[in-house]
Structure formats: structure tokens, C-alpha cells
Amino acid sequence: MSSNDAESTAAGPNERAETPADAIADARVRAPTRGNRRLEALLEGVNADAELRAWWHMAQVTSERLGMSDHSWVHVQIVLNIALRILRLLGRAGIEPAMVADHKMGRRDAEVVVASGALLHDVGMSIHRADHEAYSLFLAERKLRELLGDLYDEPERTVVASEALHTIIGHRRRGEPYTVEAGVVRVADALDMAQGRSRVPVDAGRMGIHALSAAAIDEVIIEAGEERPVRLEIHMNNSAGIFQVDDLLATKLRGTPLESQVEVVAAVEGETEKRLLGEFRLPEAKG
């Protein structure tokens, strides 16, 4: 599976609309549920939730104000699909998530935890970029109880919500995720690195290292590995993409329960590298 497969199911980040209602009209996430009824119900509830979809919109507004890469519902959908893909590959290899190992619940409950974390991990960006992971927690706590209310009885509802909240705080740079589920969400967030994420800053003419390196990533392929449960193949058109792999992905992978379960291979495709930048000036010229 390529990370672009998830992206292809969406039309792209919303252009700034006249009204909030217009801005969230197309915000819908999809992912293969494979008969997981609770996961299906969670996604249905999310897509019907105007408040949550407005948080996604505001996260993108914050991102655009700062000239950052995409943090819209498209990013959320990509992270959701990547996270479920990685979790299922780990399960195929016999790796037990916390929902099984610690709570004697099921792998499908682990999918609900991972999906919940992926769907809500960046909602705090609707408030501020700094410490957005912590802001996401207090927004997500109430929302999780609403979304999970008809899916679980207590005390299972609180266990699922708590594990989902752990995935959210664990995705920050020094988040120290303790569980497989949290490691999956953290790594999935970093794997939304292909060039589509650089659309906002590149279109605005801002070519910093984040935008430049994202433009150098053509494709991320996620598949079962030969030596480890998960193999990540990162296809680059320019060596600048190494920043995404070494500074962003490696940092997110290191210290998680996934560190020994994932192999990463990154390579520049073709005999020559794509030219991404004509010239770079400091200080930047003012328009």
C-alpha cells in the first residue's frame, strides 16, 4: 500500500470558503473497516460530527497562517489509513497491541483506539500550534465519550478513551508512547510526508526545508517486511527528502514499541535528481 492510496480518496484540502459550513462540507474520512462494526460506527459518527470537522478546518487555517504543510482533513484521512495498515501488518506478525496484552480485549478494539487517535491527534491545532498535542487532549476527551458512547459500556469505554488519548499525547516529538497503538499513530503521522503535504507552503512561494524535503518525496510504500513485520519504502526524486526520513520519521520511530518492528529503506529514483529549487536568498525578498 502506498500512502498516496489514502490521499487519492480525497479531493484535496479545502480552499478557504466563505463560511464555516462551506469549509467543512466536503470533509469526510474513509478507511477500510474489514467488518469491524465498532470502527464503522466510529467513522460514521465522525463524518456526521460538524464540531469535529470544524476543528479539522481550523487546524488547517492555523497551518496556513504559519505557512506549514497540510493539516486538513486530508492529512487526517491519510494518517488514519496508514495507521490501520501498520497495525494490521503488526497483527499479522503476531505483535499484540495493548488492548489485547493489557486489557484482554480484541484487536478490533485496538483498531478503534488507533483510529480515534488518528482522527483527533491534531484537533488542538484549531487553538494554537504550540503545545497543540496537549490542547488536543482536552478537546478529544469529551469528544471521545460522545463518539464511543453507543459503542462501549463502562468501564471499557474509559479504557478505550484513555488509550486513545495516550496515542494523541504520544505523537508529539518527545511523547514517549508506551503502547503499540500509540507508536502506530506517531509513526503514521510522520509518514504523511509525500509531496502533496507541501502544497500550501510551495504554492505560497515558501521553500523552507520542510516544504522542500516534502516535495522530494514521491511515494511511501507500506508492506510486510521480510526481516521485520513492516517495511517502509520511501521513493525520493531528490536527496533533500532525507530530512523527512532522518529528522522527522526516525525521530518519531525511535523509542517507540515499533522501533524493532519496522525497516525503512529510502532511495533516490532515477539516474539524476529532480531540481527543486532555483536559488535561495537570505533574507527572503518581501513581496
Meets criteria (touching a residue at least 12 places away in the same chain (Cβ under 8 Å), under 13 Å from the mean Cα position of the chain (by Cα) and buried (at least 20 other Cβ atoms within 10 Å of the Cβ)) for W73: yes
Restricting region 231-265 to residues that are more than 18 Å from I221 (Cβ to Cβ), out of contact with any Lys or Arg (no Cβ under 9 Å at 6 or more places or on another chain) and assigned to a helix (DSSP H, G or I), which is modelled with the lowest pLDDT? D247
Read through the list (1) farther than 28 Å from Y178 by Cβ; (2) part of a loop (DSSP other than H, G, I, E, B); (3) modelled with pLDDT of 95 or more, then give the number of the only condition that E44 fails. (2)
Take the conditions among the β-branched types (V, I, T), modelled with pLDDT under 95 and under 21 Å from N81 (Cα atoms) and apply them to T62. Does it pass? no
Give me the residue from region 113-132 that is at pLDDT below 85 and surrounded by fewer than 18 Cβ atoms within 10 Å (Cβ to Cβ) and, out of that set, nearest to A101 (Cα to Cα). D131
Failed item in (1) of a type in the set (A, V, I, L, M); (2) at pLDDT below 95; (3) surrounded by 14 or more Cβ atoms within 10 Å (Cβ to Cβ), with A17 passing the rest: (3)
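The values are calculated or read from the model by the stated rules, or taken from the named source; none is laboratory data. Just so you know, these numbers come straight off a predicted model, no measurement behind them. All Cβ positions, even for glycine, are placed from backbone atoms using ideal geometry, and neighbour counts span all protein chains on display.
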